[in-house]
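Worksheet: one structure, shown below.
The values are calculated or read from the model by the stated rules, or taken from the named source; none is laboratory data. Note that the structure is a prediction, hence the values are computed from the model and not measured. Counting neighbours? That spans all protein chains shown, and the Cβs are built from the backbone with ideal geometry, glycine included.
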Amino acid sequence: MSENPMQGLADDTKSPAAAQVRLAPDPVTRYADSILFHRSVSPFRAKGTFMILQSPSHGGAIDAAAEKYGIAAPDWLDLSTGINATAWPIAAIDAIHWQRLPLASELDALKQAAADYYGISHPNQIACAPGTQALIQTIPFWFADQGRTATVHIIGPTYAEHALGWKRAGFRTETVTTTPENRVSNMADILQSPGGRDDIVILVNPNNPDGGLIDQTTLTELAEMATEHGKWLLIDEAFMDCSPEYSICRQCHKFEHMIVLRSFGKFFGLAGLRLGCAVMPPELAADLTDRIGPWAIAGPALTIARAAFEDRVWQTDMRQQLSIDANRLDNLIASLTDLERIGGTILFRLYHGKNAAKLAHHLGTQGILVRLFDDHADRVRFGLPGTEKDWIRLEKALAGL
């Protein structure tokens with residue numbers, strides 16, 4: 001590897017594989033209340049201009065729902081995210097963790113616990129940030145800092161922040177619109193295509209929102225293709241905790257051009273803690289850690305996350321309970337609606353039906369928030385209720401359709 005682990009990102013922006021798949025149009029650039037400003041450094045636009053990108057919608061928008069339906073925020077049942085509603089139980093935190101700066105030894109202990117949890121050989125393969133979203137927004141600029149550009153191929157439809165993050169950093173992005181059945185072949189076409197050296201392929205696995213999942217053996221083969229053809233593979237495993245046997249983390253040390261993102265808050269139900277991990281070769285992890293800067297993870301978060309990573313009994317019991325609850329949700333939806341399940345994980349379910357938007361509105365009037373999608377009005381995503389009281393509330397609301 002070169003002295004600079006990021007050196008060698010080429011400015012080749014043409015990929016013949018792009019012609020082999022259907023490319024979705026980039027997000028519309030427009031003025032709106034929800035837009036974000038950033039200075040454009042893209043070679044595809046005039047330098048010195050300002051570009052305004054539409055910010056994608058997300059689940060968890062309780063404030064907006066409260067305003068729309070006139071129901072106070074504390075009174076909502078939020079089923080619009082894939083965050084576990086049954087959180088890992090937090091013990092009392094020693095006041096010293098709030099009062100002092102986080103210690104390097106505490107971060108080291110967290111990384112060791114995370115390495116054991118992810119099944120990787122050494123904690124020096126991990127870079128930590130205050131949430132996976134922070135990594136999604138930091139990594140593109142980390143690449144751009146090297147003064148090179150590449151085309152970023154995003155296997156979609158998927159989590160929209162990936163495309164937005166790379167656009168902000170000035171990269172050309174192409175969303176490869178595909179299906180769960182075709183994702184592997186589409187990725188192979190891109191990775192094996194001549195030219196496009198140093199291009200980046202992004203896969204969310206399991207995919208959000210359809211839950212499409214590619215096994216570890218197949219991902220290893222794709223990583224070998226990326227290595228052979230000089231491309232990068234970035235895999236977002238934010239929802240992988242429910243299916244750890246599918247994770248590619250254990251193989252990261254074998255591939256210099258592979259990065260895996262992991263989310264702490266979703267499975268452990270502690271999204272407000274803000275912790276995300278990037279797994280990659282040690283040289284890259286050290287460089288990204290320097291880019292993120294010191295004290296990125298709060299002291300209380302280091303203590304809580306370490307204990308949660310080490311709690312194997314809770315993890316096993318929770319996976320079993322989530323599987324039971326996901327099946328319960330499927331049965332409830334099937335008995336009271338005309339929706340059909342088309343995907344998901346044991347943290348969320350994706351349903352399809354012509355009345356999806358109408359159903360979501362009805363639930364909104366009852367103070368229950370579910371996730372609709374701007375580009376698929378006939379799809380709705382449900383998270384899982386966390387208490388029996390919440391299950392009864394959802395059942396009553398659905399029965400009133």
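Can you pull out the residues in the stretch 167-178 that are under 27 Å from residue 343 (Cα atoms) and not in a strand (DSSP E or B)?
Of everything in the stretch 167-178, just one residue is under 27 Å from residue 343 (Cα atoms) and not in a strand (DSSP E or B), namely 178.
Is it the case that residue 365 is touching a helix residue (DSSP H, G or I) at 6+ places or on another chain (Cβ under 9 Å) and not hydrophobic (A, V, I, L, M, F, W, C)?
yes
Only residues that are surrounded by fewer than 23 Cβ atoms within 10 Å (Cβ to Cβ) and part of a helix (DSSP H, G or I): list them for the stretch 154-166, please.
161, 164, 165
Would the stretch 192-200 turn up any residue that is in the same structural domain as residue 275 (by TED's automatic domain parsing), of a type in the set (Ser, Thr, Tyr), farther than 20 Å from residue 350 by Cα and modelled with pLDDT under 95?
Checked the stretch 192-200: at least one residue is in the same structural domain as residue 275 (by TED's automatic domain parsing), of a type in the set (Ser, Thr, Tyr), farther than 20 Å from residue 350 by Cα and modelled with pLDDT under 95.
Is the stretch 113-133 home to any residue that is among the small types (Gly, Ala, Ser), surrounded by 16 or more Cβ atoms within 10 Å (Cβ to Cβ), at pLDDT below 95 and not assigned by TED's automatic domain parsing to the domain that holds residue 357?
no
How many of the residues in the stretch 141-191 are polar (S, T, N, Q) and without any contact (Cβ under 8 Å) to a residue 40 or more places away in the chain?
Adding up the residues that qualify gives 3.
Just give me the residues in the stretch 55-87 being free of Cβ contacts under 8 Å to residues at least 60 places away in the same chain and acidic (Asp, Glu), in sequence order.
The answer is 63, 67.
Regarding the stretch 137-153, can at least one residue be identified that is of a type in the set (Lys, Arg) and either surrounded by 23 or more Cβ atoms within 10 Å (Cβ to Cβ) or closer than 24 Å to residue 274 by Cα (or both)?
no
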